[in-house]
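First comes the structure, then the notes that go with it.
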Amino acid sequence: MLWAAVGAVALGFLIALEIAARRYGGVPGPITNQAREVIFPPKPGPLYGGLALMMVVLTWRQRFIAAGAAVGIDLVFVLVRWAVGAEVPEGQFFGNGALWVMLGCAVIAITRRTGKERVLLLKGVGLGLLLVAGRKTGDTWLLITAKTRPTVLDPYVAVADHALGNPSWLAGRILEASGPFVPHVIDLVYAQLAVAAIVAALYQLRNVTADGRFPRHHLVRTFLVIGLVGPAFYMIFPVVGPIFAYGPGTSGTGGVQWAVADLWPHTPPPVSAPHPVPYDGITPRNCMPSLHTAWATAIFIHSRKGPRLLRYAGAFWLTATLCATLGFGYHYGVDLVAGVVFALTIEAALRAYDRGWDRSGIQLVAHGTAVFAALLASYRYLPMEMAEHPWVFGPLVLLSMGSVIYSYVRTTRSWEPKAAAPALRPEPQPEPV
């Protein structure tokens, strides 16, 4: 019943986004785009990532067959398109095969499997398709934010960011002076965040086939919920980011003609009374909170119980993501603080739901929610006070984030099962003479 309810809600949500995309942008929505990729050239990353997640429910022999079938189908598509002279966008040569294999596994589950085997395979297919649908849903959300929010609140966030010392401006200058190698590395990390998430998720789900079930909680759930809930705050608090609002923008979106001033990263914005400013209908309002930071935080949390290499990778990915979001001018410092609090609150809510709501879980989620709401309200209604008293508000912002981190660590540690004490070995007794 729970899976049926989740499926019904997800379908309704996708239909609503499909209607919104056609109404506001005049473009196909996530359902149409996904259906097109059965035949037309797709974006390959999400599809093969979804296939990798689906294969956690298969045996090794079945995984090799599924992967081989996906590659084979893609080669057939490539040859057919080449033969008929079809135009293919750059980087979109492969991916149809992965989608065909996932859909084929769904058919096999319904027609050839029964009982627990059918349920497990359908869950695997659903997990893979959810990852793909999440990407399509995110693209539609970003389009809606650009079309429905003609003004942005970047001046408010830029002024409030004075309380933290304008970290985006500082990171931008450091990155500019670091040479070409460091920016290339962190740009790669920033762009491939989903790859890191899939690697961590595959480690968590490595025993699904042997156990015959999914673990109660894993990274994919947190990732999807963050991506589902987060864009709602883009609508409430539309922000485009420093490089668009205070810099030259990037090719194809934004630009100086829409910027408040061309200041980033060398000249911090002045402290003056902020007001909403108009912006184009193309650039996504996707800064508050920083979902890249939230996702990287989730990867870091879920990598803590892995082997040493995975833990190091999780820490590196979080650090590099924070550097990229600031250094490339995609986010303000206060966005990152909100992103961390948002991720911990979502993670706490999912874990509390899994174990059954009790007083500690309710308090943890309420604490995170209250801090997140207070941060957004402060950025919107107290930016001048934050900028004029940075030695008061800066520490307060960081302490509020630290309080959520501390509460999360303390509470979740108390939820961990206590290890049983080792049985005491009896003392040797002298043998009777």
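The values are calculated or read from the model by the stated rules, or taken from the named source; none is laboratory data. Fair warning: this is a prediction, and the values are worked out from it, not measured in the lab. Ideal geometry is used to build each Cβ from the backbone, glycine not excepted, and the neighbour counts take in all protein chains shown. These accessible areas exclude ligands, DNA and RNA; they are computed on the full protein's heavy atoms, side chains included. Shrake-Rupley method; radii C 1.70, N 1.55, O 1.52, S 1.80 Å.
Computed values, structure above
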quantity: Restricting the stretch 200-252 to residues that are of a type in the set (Lys, Arg) and either under 18 Å from the mean Cα position of the chain (by Cα) or under 17 Å from Arg351 (Cα atoms) (or both), the residue that is surrounded by the most Cβ atoms within 10 Å (Cβ to Cβ); calculated: Arg221
quantity: Matching residues, the stretch 314-335, being open to solvent by 40 Å² or more (accessible area, probe 1.4 Å) and in a helix (DSSP H, G or I); calculated: Phe316, Trp317, Thr319, Leu322, Cys323
quantity: Neighbours by Cβ (under 7 Å, 6+ apart or cross-chain): first from the stretch 170-182, without any contact (Cβ under 8 Å) to a residue 40 or more places away in the chain and within 23 Å of Thr267 (Cβ to Cβ); second assigned to a helix (DSSP H, G or I) and acidic (Asp, Glu); calculated: none
quantity: Exclusive hit being small (Gly, Ala, Ser), within 23 Å of Gly212 (Cα to Cα) and either part of a helix (DSSP H, G or I) or at pLDDT 90 or above (or both), set Gly50, Gly45; calculated: Gly50
quantity: Filter result for the condition that a residue is under 16 Å from Val341 (Cβ atoms) and either open to solvent by 100 Å² or more (accessible area, probe 1.4 Å) or at pLDDT below 95 (or both), over Leu424, Leu376, Leu399; calculated: Leu399
quantity: Options Leu103, Leu11, Leu75, Leu99: the member that is under 21 Å from the mean Cα position of the chain (by Cα) and either outside any helix (DSSP H, G or I) or among the hydrophobic types (A, V, I, L, M, F, W, C) (or both); calculated: Leu11
quantity: Considering residues of the stretch 401-416 that are without any contact (Cβ under 8 Å) to a residue 60 or more places away in the chain and not small (Gly, Ala, Ser) only, the residue farthest from Thr369 (Cα to Cα); calculated: Glu416
quantity: Complete set of residues in the stretch 253-291 that are at pLDDT 85 or above, open to solvent by less than 60 Å² (accessible area, probe 1.4 Å) and of a type in the set (A, V, I, L, M); calculated: Leu263, Val277, Met288, Leu291
quantity: The stretch 42-70, residues that are within 27 Å of the chain's Cα centre (by Cα) and open to solvent by 30 Å² or more (accessible area, probe 1.4 Å); calculated: Lys43, Pro44, Gly45, Tyr48, Met55, Arg63, Ala67
quantity: Hits in the stretch 153-179 - residues which are crowded, with 23+ Cβ neighbours inside 10 Å, farther than 13 Å from Ser378 by Cα and β-branched (Val, Ile, Thr); calculated: none
quantity: Options Phe300, Phe237, Phe233: the member that is modelled with pLDDT of 90 or more, in contact with a helix residue (DSSP H, G or I) (Cβ under 8 Å, 6 or more places away or on another chain) and over 30 Å from Gly26 (Cβ atoms); calculated: Phe300
quantity: Residues that are open to solvent by less than 60 Å² (accessible area, probe 1.4 Å) and either in contact with a Phe, Trp or Tyr (Cβ under 9 Å, 6 or more places away or on another chain) or within 15 Å of Arg63 (Cα to Cα) (or both), drawn from the stretch 110-122; calculated: Leu120, Leu121
quantity: Top-ranked residue in the stretch 14-39 [being of a type in the set (Val, Ile, Thr) and assigned to a helix (DSSP H, G or I); ranked as surrounded by the most Cβ atoms within 10 Å (Cβ to Cβ)]; calculated: Ile31
quantity: Scope the stretch 123-135; condition among the basic types (Lys, Arg) and open to solvent by 70 Å² or more (accessible area, probe 1.4 Å); matching residues; calculated: Arg135
quantity: Test: residue in the stretch 336-356 that is farther than 30 Å from Val27 by Cβ, surrounded by 17 or more Cβ atoms within 10 Å (Cβ to Cβ) and of a type in the set (S, T, N, Q); calculated: yes
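Residue-by-condition table, conditions (1) acidic (Asp, Glu); (2) open to solvent by less than 40 Å² (accessible area, probe 1.4 Å); (3) touching a residue at least 24 places away in the same chain (Cβ under 8 Å):
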{"site": "Gly72", "(1), (2), (3)": "no, yes, yes"}
{"site": "Gly85", "(1), (2), (3)": "no, no, no"}
{"site": "Gly95", "(1), (2), (3)": "no, yes, yes"}
{"site": "Trp100", "(1), (2), (3)": "no, no, yes"}
{"site": "Thr137", "(1), (2), (3)": "no, yes, yes"}
{"site": "Thr145", "(1), (2), (3)": "no, yes, yes"}
